[in-house]
Amino acid sequence: SHPKVYCEARFGDQRAGDYMASLSYNDATWPTTANMGGIAYLYINVGYDVTQFQNAPEIRITINGKNNIFDPRTSTTGFATNWALQVADVITDPVWGLGDPTVNQAQLIAAANVCDELISTSQGDESRYQQHIHYDTSSAPGDVLSMMMPAAAGRLSRIGGEWYIFPAYWQGSS
């Protein structure tokens, strides 16, 4: 017998052989070789029982997003709300993006720093250009970039075979 509420998660870092057996509960033809490596997913099974739930339970999930966005300032990968790092990720990602590694790293670092500058708001300090966006992976990378650019009033330029990412920023005279 299955519990009334059951949840099992994979976070995209699963290795070959990490098969979620619960996927075959509702589909016996689900192949044991399908571990969806690199993709986060959940299996949720709610056994509706009026003795335990007066109404059908509401399921809510908070998802932080992609956890392997590269930050050249620290040479690490992880979750990021930084607009410039997300734009660079869409350009460079070989599976879900353009697969083009030619993002100018010096300009990316400068853009990421602008995005992380703290500004004062009525709710306290926050990063200048954060981005909390969602899109379907069937979206073309160019369409995704078009959705992202307004978040920082940004622009992309292709100069000398490299991508340059520019958020809106006034630096003043020097």
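Summary table below
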{"item": "Answer residue from region 135-174, given it is in contact with a strand residue (DSSP E or B) (Cβ under 9 Å, 6 or more places away or on another chain) and part of a loop (DSSP other than H, G, I, E, B) and is surrounded by the most Cβ atoms within 10 Å (Cβ to Cβ) among those", "result": "P167"}
{"item": "Qualifying positions in region 122-134 - open to solvent by 50 Å² or more (accessible area, probe 1.4 Å) and either aromatic (F, W, Y) or assigned to a strand (DSSP E or B) (or both)", "result": "D125, E126, Q130"}
{"item": "Strands (runs of 3 or more DSSP E) (entirely within region 1-111) containing at least 1 residues that are at pLDDT below 80, at negative phi and surrounded by 13 or more Cβ atoms within 10 Å (Cβ to Cβ)", "result": "5-11, 40-46"}
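The values are calculated or read from the model by the stated rules, or taken from the named source; none is laboratory data. This one's a predicted model, so the numbers in the text were calculated from it and none came from an experiment. All Cβ positions, glycine included, derive from the backbone under ideal geometry; neighbour counts span all protein chains shown. Note: accessible area is taken over every heavy atom of the protein model, side chains too, but ligands, DNA and RNA are not part of it. Shrake-Rupley method; radii C 1.70, N 1.55, O 1.52, S 1.80 Å.
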